Amino acid sequence: MSYHHLAMAARDMTAIHDFYERITGFELVKVEIAPMMGGGWGKHFFYRMDGDDSSFIAFWELNEVPGAEAHEFNLNKAAHMPPGTNHFAFAVHSADELDARRDQWNAAGLDVLEIDHNWCRSIYTRDPNGNMVEFCLTTGTFTEADRARALAALDERTMNPSPPPASMRQWLAKDRAQAETQSA
């Protein structure tokens with residue numbers, strides 16, 4: 001079983017559309033418009049990922065909803081959680097695809113954090129709602145020892161840290177722009 005869609009509200013649907021379609025490459029394929037429980041109405045936009053008609057990310061544009069001025073669209077801020085705790089991670093299938101996604105985000109003026117977690121390699125940025133978005137490439141396999149460690153961690157009440165990341169690198173959009181200017 002896989003998930004069908006993840007749905008969130010959008011602070012600015014135009015900015016969300018630009019980020020998820022033009023910059024990230026997902027495709028807007030459907031909208032549902034309906035009254036909202038509790039009042040007002042909404043547009044529910046569905047973005048298809050990689051041409052897959054069974055897996056979407058979706059956003060609500062809310063209209064005339066009571067209390068809208070108090071809505072918080074950053075999931076961590078709304079839940080009073082540390083930044084990046086709640087985030088969206090999308091799969092890529094090769095190192096070249098991950099590098100292309102990083103370059104795509106940088107070219108759009110977004111800063112990107114890259115981490116090699118020793119079993120997967122990830123890149124991170126923030127969407128217009130302030131939520132962390134990740135593309136992730138699994139680079140390792142899981143062993144019985146990995147499973148045993150994960151099961152043991154369920155009962156641990158003190159920190160027993162994992163090995164540190166193999167590498168971390170910040171890709172600043174301004175550095176990319178400066179490099180492109182110097183090479184031109």
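The values are calculated or read from the model by the stated rules, or taken from the named source; none is laboratory data. Small disclaimer: the values here were computed from a predicted structure and weren't measured. No Cβ is skipped: glycine too gets one built from the backbone with ideal geometry, and neighbour counts run over all protein chains shown.
Residue-level check: of (1) of a type in the set (Gly, Ala, Ser); (2) more than 23 Å from residue 52 (Cα to Cα); (3) more than 16 Å from the chain's Cα centre (by Cα), residue 95 misses just (2).
Of the strands (runs of 3 or more DSSP E) lying entirely inside region 50-168, those containing at least 1 residues that are among the charged types (D, E, K, R) and either modelled with pLDDT under 95 or crowded, with 17+ Cβ neighbours inside 10 Å (or both) are 52-63, 112-116, 120-126, 132-138. Looking across region 1-39, the residues that are in contact (Cβ under 8 Å) with a residue 60 or more places away in the chain, β-branched (Val, Ile, Thr) and in a helix (DSSP H, G or I) come down to 16, 23.
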